[in-house]
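The values are calculated or read from the model by the stated rules, or taken from the named source; none is laboratory data. From a predicted model like this one, the values you see are computed outputs, not experimental measurements. When we count neighbours, we look across all protein chains shown, and the Cβ atoms used for this are built from the backbone with ideal geometry, even at glycine. Note: accessible area is taken over every heavy atom of the protein model, side chains too, but ligands, DNA and RNA are not part of it. Shrake-Rupley method; radii C 1.70, N 1.55, O 1.52, S 1.80 Å.
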Amino acid sequence: MTKQRLIVDTDPGHDDAIALILAHHFAEVVGITTVAGNTSVENGTRNAIRICDLFGIDTPVHRGSSTPIASEASFASEVHGVDGLGGIELPEASRAATSDRAIEFLLDEVEPDVWVVPIGPLTNIAEVLKRDKDWFDRIAGLSVMGGGAHGGNVTAAAEFNIHFDPEAADIVFSAGRKTQMSGVNLTHQVQVSDADLKAVHRASPDSPRTRFIDQNFARIIESLRSLTGTTEVAMHDPCAVLAVTHPELFEFVPREVSVELRGTHTRGMTVVDERFRVSRDGPMIDVGYNVKADVVKQLILNVLYRDIGGA
């Protein structure tokens, strides 16, 4: 079976790391573009290369936007640490970024069969659309991890990726073209727990790769325990990848989505219009609502700990 072709736009990031591993396992990854979000774009670019090194991946990595379009950067250090990976020790990157021209790469290298999968803030994608309003005509689709139909995670109303750069998200969602949104209402259905990890760890080989995966989960669980009291990790970014490679496991519904830019308590909120109406005023995007969570969770763990963990 022919693999989907992807460009992953990312800000690694614990769950970004997992998404990158899954993308390379299930798809042909044409390139990786980086963006500021969970950490600085410099840290995220270095993390992307170091993850590629660990898993024997030579995908080109292009550094992208370092700041949101219209606000100051506010990184997710309380969840992902200052460096984006919670201080996990990895060898220094074996190479520099392929370029610092992620926007140009996204403009020049997309083709009609390539999905672009933004799993960080949408700054790079917005900059692309500002330069080429017909860009959507040249790609297979956009699979976004961000937003939510019924609330957020960084605030009561807003999900982190959208909240980090809501002006960028507004540009992307206003286009309403070939876009599917895996928001937190969907991704919170796929939770990996301490118990899941202990069970799969007993049956997995020991290798630098599995040790990295163990540490990656351990660091984010430690952060979440202190922030929310939970020992379960939602597979946010992996869902946006798997929604492209395994679409039969997800349910999306066309909706109008607006991004709140000014609310004191709601800035960055994705306002999803769920009213039943015959006619619609604005463009539609596909909003994720349901996922076969147990199947997706097992798929993720099998890849991480069995299919590639011991390689």
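Quick look at the numbers
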item	result
The stretch 3-39, subset in a loop (DSSP other than H, G, I, E, B) and in contact with a Gly (Cβ under 8 Å, 6 or more places away or on another chain), residue surrounded by the most Cβ atoms within 10 Å (Cβ to Cβ)	11
Residue that is hydrophobic (A, V, I, L, M, F, W, C) and open to solvent by 50 Å² or more (accessible area, probe 1.4 Å), where the choices are 218, 169	218
Residue 149 being open to solvent by 10 Å² or more (accessible area, probe 1.4 Å), farther than 25 Å from residue 28 by Cβ and in contact with a strand residue (DSSP E or B) (Cβ under 8 Å, 6 or more places away or on another chain)	yes
Among (1) of a type in the set (Lys, Arg); (2) open to solvent by 70 Å² or more (accessible area, probe 1.4 Å); (3) touching a residue at least 60 places away in the same chain (Cβ under 8 Å); (4) in a loop (DSSP other than H, G, I, E, B) - the single one residue 262 does not satisfy	(3)
Residue ID - farthest from residue 266 (Cα to Cα), chosen from residues in the stretch 154-176 that are modelled with pLDDT of 95 or more and in a loop (DSSP other than H, G, I, E, B)	165
Pairs where the first residue, in the stretch 51-76, is farther than 26 Å from residue 214 by Cα and open to solvent by less than 40 Å² (accessible area, probe 1.4 Å) and the second is part of a loop (DSSP other than H, G, I, E, B) and of a type in the set (D, E, K, R), C-beta under 7 Å, 6+ apart	62/101; 68/165
Residue that is farthest from residue 237 (Cα to Cα), among those in the stretch 279-298 that are open to solvent by less than 40 Å² (accessible area, probe 1.4 Å) and in contact with a Phe, Trp or Tyr (Cβ under 9 Å, 6 or more places away or on another chain)	285
The one condition in (1) in contact with a helix residue (DSSP H, G or I) (Cβ under 8 Å, 6 or more places away or on another chain); (2) open to solvent by less than 70 Å² (accessible area, probe 1.4 Å) that residue 271 fails to fulfil	(1)
Meets criteria (surrounded by 15 or more Cβ atoms within 10 Å (Cβ to Cβ) and touching a residue at least 60 places away in the same chain (Cβ under 8 Å)) for residue 186	yes
Condition check for residue 301: assigned to a helix (DSSP H, G or I) and either more than 26 Å from residue 29 (Cβ to Cβ) or within 17 Å of the chain's Cα centre (by Cα) (or both)	no
